[in-house]
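Okay, structure first, notes after.
The values are calculated or read from the model by the stated rules, or taken from the named source; none is laboratory data. Every value quoted in this text rests on a predicted model; they were computed, and no experiment measured them. With ideal geometry, Cβ positions are generated from the backbone for all residues, glycine too; neighbour counts draw on all protein chains shown. Heavy atoms of the whole protein, side chains included, go into the accessibility calculation; ligands, DNA and RNA do not. Shrake-Rupley method; radii C 1.70, N 1.55, O 1.52, S 1.80 Å.
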Amino acid sequence: MNEIIKKNGINFGIITGVISVLITSAIYIIDLELMTKWWLGLSILGLYIVIGCILLVKTKKALGGYMSFKEGFTTYFISAVIGIAISVIFNILLYNVIDPEAAIRLKELTLESTVEMMKKFGSPSAAIKETVEKMKDYNQFSAVEQLKGSIWSIVGSAIFGLILAAIFKRDKPVF
């Protein structure tokens, strides 16, 4: 594997992981209810896409202005996996070791937010009740569920990585 790809993937993965830890910590300190806001989730997703774009631009420049699809995807994927791993480890520690009460409170807030949203969309009472029962039995903050969630995060990141790699690739001329 090319050293530039490996170095940039690792460095940006660490940067992304640290940013994730800082964002989670800030929300934890300011107000857990922010975790239930859809606009914050979209803003954070946008931030990660911008970081991914910067990563690929920097990598392409370091590779002499040319970067294959595979090189772009590999760089992005390494970064994403490292960032997700750091984030998940922090979240497991925060919600299972440091402050399990925060997980309980956040679960309550998520439940309230979900019910409110379902009511806004005119969902029938039976559907709301069924959703509430399912959510009460589900512990999204357990280590196992966080690890399962990380798999979906990696899949989502891979999809973004494929798209970004296609956008930023630039093959060397053949002649």
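Points worth noting:
- The angle separating the long axis of helix 38-62 from the principal Cα axis of greatest extent in the chain is about 10 degrees.
- Per-residue extension of 0.36 nm, minus the Cα-Cα distance of Phe121 and Gln140, leaves a gain of 4.5 nm for this segment.
- Cα point-scatterer Debye curve for the stretch 68-112, base-10 log of I(q)/I(0) at q = 0.16 Å⁻¹: -0.58
- Scaling the Cα radius of gyration of the stretch 57-141 by the globular reference 2.2 N^0.38 Å produces a ratio of 1.73.
- Heavy-atom accessible area per residue - the chain, 1.4 Å, Å²: 61
- Just the protein heavy atoms count here, and of the accessible area of the stretch 51-175 at 1.4 Å, carbon and sulfur take up 67 percent.
- Efficiency of FRET between Ser68 and Ile14 - r from beta-carbon atoms, R0 25 angstrom, step 0.05: 0.55
- Cα gyration tensor shape of the stretch 93-175, rounded if a/c is under 1.5, else prolate or oblate by comparing a/b with b/c: oblate
- Proximal charge balance of Ser123 [Cβ under 15 Å; K/R count +1, D/E count -1]: 0
- Extending 7 Å from the Cα toward the beta-carbon at both Lys61 and Ile44 defines two label points whose distance is 2.9 nm.
- Residues Ala85 and Val174, FRET efficiency given R0 of 35 Å [Cβ-Cβ distance, rounded to 0.05]: 0.35
- The alpha-carbon positions of the chain define a convex hull whose volume is 128 Å³ per residue.
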